[in-house]
Amino acid sequence: MILFLLGLVLFLGVHLVPTFPAQRADLRLRFGENGYKIAFSILSLIGLVLLVIGFGEARGASWNPVLWTPPVWMKHVVFLLMVPAFILLVAAYVPSRIRTATKHPMLAAVKLWALAHLLANGDLAGIILFASFLAYGVYDRISVKKRGALGPLGGKRGTLTGDIIVVVVGLVLYGLMLKWGHPWLIGVALIR
């Protein structure tokens, strides 16, 4: 449980730093732009590794009761929600009209991913993990709007070609995760 919670606090804590512009600016001055980015990346990676290991251990732990069991049909809702989540994830990094329309597709992808997984997981650790990411996504989207942050591509506008690339790559990544990625990374087969 300690690894799980430490990883969650570290990963989300690091990602909350940009929501406080004055503190972020102070850190960038203190460590330099590259130093800040390197520290952000290293701490994020450490948090993610601790989170993944801790969540893996939590799934079978005695402290992790099942609070509710999702109905069988819920997996179809989750599969459906994950399609736009993958498309939006790709849109965060490819100039497209999808990105322009959604403004912050990465945060939309995080919120969809978290909601879908919250619906699919009724154990305490799952609820803590996915509710935390959903809350983070909502909070950060509000923060981004207030700060006027533009995301990794800035104000770059997209085209129809970008839309096609986003949808095709998003669907390919979705298929790969569905068939091989989820069992390999998470240890849970989604389709047999």
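Read-outs: derived from the displayed coordinates by stated rules, not from any lab. For clarity, every value in this text was computed on a predicted model and none was experimentally measured. Positions of Cβ are generated from backbone atoms using ideal geometry, with glycine treated the same way; all protein chains shown enter the neighbour counts.
Of note:
- Charges were assigned to the Cβ only: +1 to each Lys and Arg, -1 to each Asp and Glu. The resulting dipole of the chain about its Cα centre is roughly 620 debye.
- Cβ charges +1 (Lys, Arg) and -1 (Asp, Glu), total dipole of the stretch 1-64, debye: 120 debye
- Proximal charge balance of GLY162 [Cβ under 14 Å; K/R count +1, D/E count -1]: +3
- Averaging the sequence gap over all C-alpha pairs within less than 8 Å and six or more residues apart, then dividing by the number of residues, gives the chain a relative contact order of 24 percent.
- Positive minus negative residues near ARG99 (Lys, Arg vs Asp, Glu; Cβ under 15 Å): +4
- The stretch 1-64 - Rg and Dmax from Cα coordinates, angstrom: 14.2, 46
- Here's the picture: charge each Lys and Arg Cβ at +1 and each Asp and Glu Cβ at -1 in the stretch 1-120, and of MET74, PRO95, GLY35 the one pushed furthest to the positive end of that dipole is PRO95.
- Listing LYS146, LYS75, LYS111 from fewest to most neighbouring C-beta atoms within 10 Å gives LYS146, LYS75, LYS111.
- For the stretch 137-175 versus the stretch 113-131, the inter-centroid distance based on Cα atoms is 23 Å.
- Distance between modelled label sites at LYS37 and LYS179, nm, 7 Å Cα→Cβ extension: 3.5 nm
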